[in-house]
Amino acid sequence: MSEQRITPGPSRRAFLRAGAAVAGTALAGGAAAQHGPGKPENLPPNVPDWSKSLGEGVAVRKYGSPSKHEAHIGRRDVSWLTATPESSVSFTPLHAIDGPITPNGLCFERHHSGIAELSPADYRLMLHGLVDKPLMFTLDDIKRMPRVNRVHFCECAANSGMEWRGAQLNGCQYTHGMVHSVMYTGVPLKTLLDEAGIKNNAKWLLLEGGDSAGMTRSLPLAKALDDVLVAYRMNGEMLYPENGYPVRMVIPGWEANMWVKWLRRIEVGDQPWHHREETSKYTDLLENGKARRFTYVMDAKSVITNPSPQAPLNHKSGFTVLSGIAWSGRGKVSRVDVSLDGGRNWRTAKIDGPVWDKAVTRFYYEFEWDGRELLIQSRAMDETGYVQPTKNELRKVRGVNSIYHNNGIQTWHVRKNGEVENVEVS
Ligand code: MTE
Ligand code: CO
């Protein structure tokens with residue numbers, strides 16, 4: 001690591017470091033360091049407490065929830081990031097989950113005016129504009145239509161937006177947690193449009209939310225007819241209120257701002273509407289003073305979730321599984337590489353579990369850790385041949401005035417004691 005310059009994050013905030021001070025122990029044979037040594041009276045050969053009496057019966061827990069011992073895991077916000085909690089974001093605890101799916105209760109939330117609480121009986125979806133037959137759907141109408149199940153990632157364009165000028169936030173929950181990966185059940189938007197009959201001059205759609213922000217975005221008709229869903233279930237359950245209950249848009253591979261929640265109205269038109277979220281917001285100011293607009297696609301990206309600042313290594317050396325997620329808005333993830341030395345040498349990671357189109361893919365890299373410092377990175381590739389760029393490569397093209405669409409390679413500095421910190425290497 002001699003010639004590599006390591007730039008640590010400038011803001012080491014106490015609340016982000018709290019999780020990092022954990023004592024170490026060996027993986028094989030040792031008690032999990034995170035959980036402490038345990039009560040001697042519960043350990044073999046003694047008969048533990050929970051083996052001595054009957055437990056709660058069935059259906060006492062009518063709708064299950066995680067063990068009370070997992071209560072520390074949850075969505076978190078960063079209070080200084082936004083002026084109010086109603087127009088704000090909470091982040092997915094990526095370091096605390098595994099596999100390719102995000103549990104419903106842990107999906108990051110982003111609202112412009114808080115969570116709209118709708119009753120399913122009062123729900124209506126209007127479809128009008130350049131159509132032969134304007135339509136109004138109830139929730140029951142939508143649920144009666146032919147439906148499909150699709151897994152897709154949903155990533156806010158502002159994910160990693162704090163990191164444009166250097167390493168900032170100490171935890172993948174905060175640097176990369178504006179992404180979730182869910183199996184949606186819903187009706188292809190094309191089915192609704194076919195039902196209404198679109199006029200020949202139709203080219204764009206306006207999607208409008210039913211929250212008090214009345215969030216709107218323009219959607220090109222070609223995408224609407226391709227793979228867009230009007231969804232009402234996530235991972236089998238009805239959408240949670242915070243994710244748009246009872247109906248939201250799913251726009252595979254495109255920035256999450258367009259995934260309008262509490263969907264109220266779809267207008268068909270012949271040009272974009274140029275509303276707030278596609279002019280003053282969700283555009284990228286470049287070095288030459290010009291701004292990019294309509295940058296819908298989320299490019300291939302990846303991050304190592306374990307180890308990471310909130311999930312340090314608790315063993316001093318030996319067999320180590322490094323894990324992370326990769327996704328691409330252009331299709332399937334084709335390969336993920338991992339580096340342990342700040343990007344000098346790369347090895348191919350093992351992809352495990354399903355590889356869906358425009359969805360989160362889980363990867364692992366197993367190695368013998370010799371206990372030395374590491375600079376760990378991951379680099380995603382997709383089926384179009386696109387390779388995730390370094391942060392400096394991105395800055396060359398985009399400058400540092402952007403907020404959105406930061407898909408640069410993340411570096412974590414793993415210290416000898418297993419603590420992990422957000423850094424940049426150059
Ligand atoms: N839809 C409505 N109606 N209101 C909103 O504030 N926020 C958008 C989008 N859809 C928003 C909305 C933004 S910016 C994002 S990142 C995603 O919803 C977040 O979806 P989630 O809360 O399910 O994670
Ligand atoms: Co967003």
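The values are calculated or read from the model by the stated rules, or taken from the named source; none is laboratory data. Not measured: the values here are computed from a predicted model. In this analysis, Cβ positions are derived from the backbone assuming ideal geometry, glycine residues included, and neighbour counts consider all displayed protein chains. What goes into the accessible areas is simple: the full protein's heavy atoms, side chains included, and nothing from ligands, DNA or RNA. Shrake-Rupley method; radii C 1.70, N 1.55, O 1.52, S 1.80 Å.
Points worth noting:
- Residue within the stretch 357-378 that is surrounded by fewer than 21 Cβ atoms within 10 Å (Cβ to Cβ), touching a Lys or Arg at 6+ places or on another chain (Cβ under 9 Å) and under 18 Å from Asn406 (Cα atoms) present: no
- Among the residues listed as Val230, Val187, Val148, Val179, the single one being over 29 Å from Trp273 (Cα atoms) and either away from ligand 1 (no atom under 11 Å from the Cβ) or at pLDDT 95 or above (or both): Val148
- Residues in the stretch 233-277 that are within 12 Å of ligand 1 (Cβ to nearest atom), over 28 Å from Lys332 (Cβ atoms) and in contact with a strand residue (DSSP E or B) (Cβ under 6 Å, 6 or more places away or on another chain): Glu242, Trp262, Arg264, Arg265, Glu277.
- When we screen Ser218, Ser212, Ser181 for residues that are part of a strand (DSSP E or B) and either in contact with a helix residue (DSSP H, G or I) (Cβ under 7 Å, 6 or more places away or on another chain) or surrounded by fewer than 19 Cβ atoms within 10 Å (Cβ to Cβ) (or both), the only hit is Ser218.
- Taking residues in the stretch 204-229 that are among the β-branched types (Val, Ile, Thr), and partners anywhere that are assigned to a strand (DSSP E or B) and within 14 Å of ligand 1 (Cβ to nearest atom), the pairs with Cβ atoms closer than 8 Å and at least 6 places apart or on different chains are Thr216/Leu206; Thr216/Leu207; Thr216/Glu208; Thr216/Gly209; Val228/Leu219; Val228/Met249; Val228/Val250.
- Pairs are defined by a Cβ separation below 8 Å, a sequence spacing of at least 6 or placement on different chains, a first member in the stretch 71-91 that is more than 17 Å from Asn243 (Cβ to Cβ), and a second member that is open to solvent by 50 Å² or more (accessible area, probe 1.4 Å) and of a type in the set (A, V, I, L, M, F, W, C); the pairs so defined are Leu81/Met162.
- Residue in the stretch 325-342 that is farthest from the chain's Cα centre (by Cα), counting only those that are part of a loop (DSSP other than H, G, I, E, B) and among the small types (Gly, Ala, Ser): Gly342
- The lone exception for Thr283 - which of (1) more than 30 Å from Asn149 (Cβ to Cβ); (2) touching a Gly at 6+ places or on another chain (Cβ under 8 Å); (3) not aromatic (Phe, Trp, Tyr) it fails: (2)
- Count of the stretch 277-298 residues which are within 13 Å of ligand 2 (Cβ to nearest atom) and either surrounded by fewer than 14 Cβ atoms within 10 Å (Cβ to Cβ) or more than 19 Å from Lys396 (Cα to Cα) (or both): 5
- Within the stretch 228-258, the set of residues being over 19 Å from Cys156 (Cα atoms) and part of a loop (DSSP other than H, G, I, E, B) comprises Asn235, Gly236, Pro246.
- Residues in the stretch 133-159 that are more than 23 Å from Pro246 (Cβ to Cβ), open to solvent by 20 Å² or more (accessible area, probe 1.4 Å) and either in contact with a Gly (Cβ under 9 Å, 6 or more places away or on another chain) or without any contact (Cβ under 8 Å) to a residue 40 or more places away in the chain (or both): Lys133 alone.
- Summed over the stretch 45-75, the residues that are touching a strand residue (DSSP E or B) at 6+ places or on another chain (Cβ under 9 Å) and either open to solvent by 100 Å² or more (accessible area, probe 1.4 Å) or hydrophobic (A, V, I, L, M, F, W, C) (or both) give a count of 0.
- Filter result for Met162 (under 30 Å from Val420 (Cβ atoms), modelled with pLDDT under 95, open to solvent by 10 Å² or more (accessible area, probe 1.4 Å) and not charged (D, E, K, R)): yes
- Count - residues of the stretch 239-262 that are more than 16 Å from ligand 2 (Cβ to nearest atom) and open to solvent by less than 30 Å² (accessible area, probe 1.4 Å): 3
- One residue from Asn406, Asn401, Asn345 being part of a loop (DSSP other than H, G, I, E, B), of a type in the set (S, T, N, Q) and within 29 Å of Asn314 (Cα to Cα): Asn345
- Pair list, Cβ < 7 Å and 6+ apart or interchain, from the stretch 112-132 residues that are in contact (Cβ under 8 Å) with a residue 24 or more places away in the chain to residues that are part of a helix (DSSP H, G or I) and small (Gly, Ala, Ser): Leu127/Ala196; Val131/Ala196; Asp132/Ala196
- Of the residues screened, His413 is not one that is touching a residue at least 12 places away in the same chain (Cβ under 8 Å), under 16 Å from Glu155 (Cβ atoms) and in contact with an Asp or Glu (Cβ under 9 Å, 6 or more places away or on another chain).
- Flag if Ala167 is assigned to a loop (DSSP other than H, G, I, E, B), open to solvent by less than 10 Å² (accessible area, probe 1.4 Å) and away from ligand 1 (no atom under 14 Å from the Cβ): yes
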